[in-house]
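Structure first, then comments.
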Amino acid sequence: MDDSGVDLRRGDDSMAVSHPRVVALLTDGMWSHDVANVIQVFAGSLAAGGENPCDFSFLSECGHVELDHRVSVECEPLSEFSGIADLICIPGFTNPFSLDESLFDSYERVSDWTGLVAPSPSISPDVAEWLAIQHRAGARFVTLGTGVYLLAVVGLLDKVRCTTYWLFAPELQRRFPAALVDAERMLVYDEQARIRSSAGGASGLDACLAALMDVAGHASASVVARAMNLWSPHSLEAKQEAFGLHGGAASDYEDLILRLKETVSCHLEHGWSVAEMAWYAGMSARTLQRRFLEVEGQTPARWLVSEQMMYAARLLEETDLPLTAIAARVGISGPDVLRRNFARCYGESPRAYRKRFMAM
C-alpha cells in the first residue's frame with residue numbers, strides 16, 4: 001500500500017485475472033466515436049453466451065461527462081474506485097491541446113478542421129496522481145487516437161513509443177519531446193511501459209481488441225472480433241498512409257490480397273514462404289511485396305508472422321500441446337523460432353503466456 005492508501009499489490013504477475021477489471025477514464029470533450037469503440041469491445045456482451053469477458057466500468061472525476069455532439073455519460077466517480085485496474089482505456093479528444101492551457105493558441109490551427117463544439121477537457125492533480133498510481137502498480141493502458149495526449153500531459157509518455165492521429169502527431173512531438181512518437185504507425189505497443197496507442201478512427205478497435213487479448217486472452221478477443229465482423233486486428237507494422245489517412249492511394253489489388261490472406265490463414269501448417277505466397281497470387285515476390293504493402297501497410301512476411309503468432313497464442317490458451325507441435329501447426333521451423341517470434345509479438349515467452357491464460 002502506498003502513501004495514498006491504495007493497495008498496490010497485484011499478486012503473481014504471471015497469472016491472469018479470471019475476470020479482468022477494465023475501466024474507461026472519461027473527461028469532457030472526448031470523441032463519442034472512441035467511447036463507442038470501447039463499449040463495443042469491453043462492454044458489448046459479445047462474448048460467448050452473452051457474458052462479457054471483463055468487469056467494465058466508466059470512471060470520471062465528477063461522475064458525469066459531456067462528449068461531442070451533446071452526448072453525456074454517467075460514470076463512477078474516481079473517488080469511489082478502489083484498488084488497481086488491469087486495463088485503463090482512454091478515448092480521444094476533439095481538442096487535445098486544451099489539456100494544457102499553453103496549447104490553446106495551437107488549437108486555433110485545427111479548430112476549423114474539426115468543425116465540432118465540445119466542452120474543453122481538464123485534468124486535475126487528482127486524476128494525474130491516480131493515473132501515476134495505477135501505472136506504478138502495473139496497470140495496462142490503451143489510448144485511442146488523441147487520448148494519448150492525456151498520458152503525455154501527466155508525464156507517462158517519457159521515453160515511451162507511441163502514435164496518434166497523423167494531424168496531431170507533430171504537435172504531440174513538439175510539445176512532449178521525450179515521447180517517442182511514430183506518426184507513421186497505425187498501432188504502437190510499448191511493452192516496457194504497458195501502453196498501447198492507436199492512430200484514431202477504426203484503428204481504435206484494433207487497439208482495443210489487442211488490449212482485450214492482453215488481459216482476457218486470444219479466445220475472448222477472437223469471439224468479440226467475430227461478433228463485430230472483423231477479420232483480425234491490423235498488425236503493429238501497419239502504416240497510416242496505407243489506409244488513405246493522409247494522401248495514400250487506394251490499391252486495385254485489395255480483393256486479391258484478401259483472398260491470399262484467407263488462404264494462408266486457413267492453411268498456416270503448410271509453412272508458407274513469401275515466394276510461395278507470390279506464386280499463389282500469380283505475381284513475382286517483388287510485386288507482392290509492393291502490392292501487399294499498399295493494401296495492408298506492412299510486408300507479407302510481417303503479416304505472416306503476426307498470423308502465426310496469433311494462432312500460436314490460441315493454441316497455448318486452449319491446448320496443452322508442446323511447443324514443437326505448436327510450431328508445426330503454425331508453419332514455422334521449430335520451437336526456438338516460435339519462442340523468438342512470440343516474445344517479439346507478445347512481450348513474453350510462450351511458457352509465461354500459457355501460465356497466465358490456462359487458468360482462465
task: State the number of residues belonging to the range 123-145 that are without any contact (Cβ under 8 Å) to a residue 60 or more places away in the chain and crowded, with 16+ Cβ neighbours inside 10 Å.
output: 5
task: Check E294, E307 and return the single one that is buried (at least 18 other Cβ atoms within 10 Å of the Cβ), under 30 Å from R194 (Cα atoms), touching a residue at least 60 places away in the same chain (Cβ under 8 Å) and among the charged types (D, E, K, R).
output: E307
query: Taking the range 200-220 only, how many residues are without any contact (Cβ under 8 Å) to a residue 60 or more places away in the chain and buried (at least 23 other Cβ atoms within 10 Å of the Cβ)?
result: 2
- prompt: Does the range 162-176 contain at least one residue that is aliphatic (A, V, I, L, M), at pLDDT 90 or above, over 24 Å from A36 (Cβ atoms) and assigned by TED's automatic domain parsing to the domain that holds V35?
  reply: no
statement: Expected single match for of a type in the set (A, V, I, L, M), in the same structural domain as S198 (by TED's automatic domain parsing) and modelled with pLDDT under 95 among V117, V148, V142 is V117
- request: Taking only the range 294-326 into account, find how many residues are assigned to a helix (DSSP H, G or I) and over 26 Å from the mean Cα position of the chain (by Cα).
  value: 3
query: Is at least one residue of the range 322-345 at pLDDT below 90, crowded, with 21+ Cβ neighbours inside 10 Å and either touching a helix residue (DSSP H, G or I) at 6+ places or on another chain (Cβ under 8 Å) or of a type in the set (K, R) (or both)?
result: no
- request: Please go through the range 155-166 and pick out each residue that is within 19 Å of P91 (Cα to Cα) and within 19 Å of the chain's Cα centre (by Cα).
  value: L156, L157, V160, R161, C162, T163, T164, Y165, W166
- line: Residue pairs within 8 Å by beta carbon, gap of at least six or interchain, first lying in the range 260-274 and part of a loop (DSSP other than H, G, I, E, B), second of a type in the set (A, V, I, L, M) and surrounded by fewer than 18 Cβ atoms within 10 Å (Cβ to Cβ), listed first then second, are none
- prompt: Of the residues L260, L268, L288, which single one is over 26 Å from the mean Cα position of the chain (by Cα), surrounded by 17 or more Cβ atoms within 10 Å (Cβ to Cβ) and in the same structural domain as R314 (by TED's automatic domain parsing)?
  reply: L288
- prompt: Would it be correct to say that A183 is surrounded by fewer than 22 Cβ atoms within 10 Å (Cβ to Cβ), among the aliphatic types (A, V, I, L, M) and either not in a loop (DSSP other than H, G, I, E, B) or not assigned by TED's automatic domain parsing to the domain that holds A312 (or both)?
  reply: yes
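The values are calculated or read from the model by the stated rules, or taken from the named source; none is laboratory data. Every value quoted in this text rests on a predicted model; they were computed, and no experiment measured them. Glycine gets a Cβ as well: all are built from the backbone with ideal geometry, and neighbour counts include every protein chain shown.
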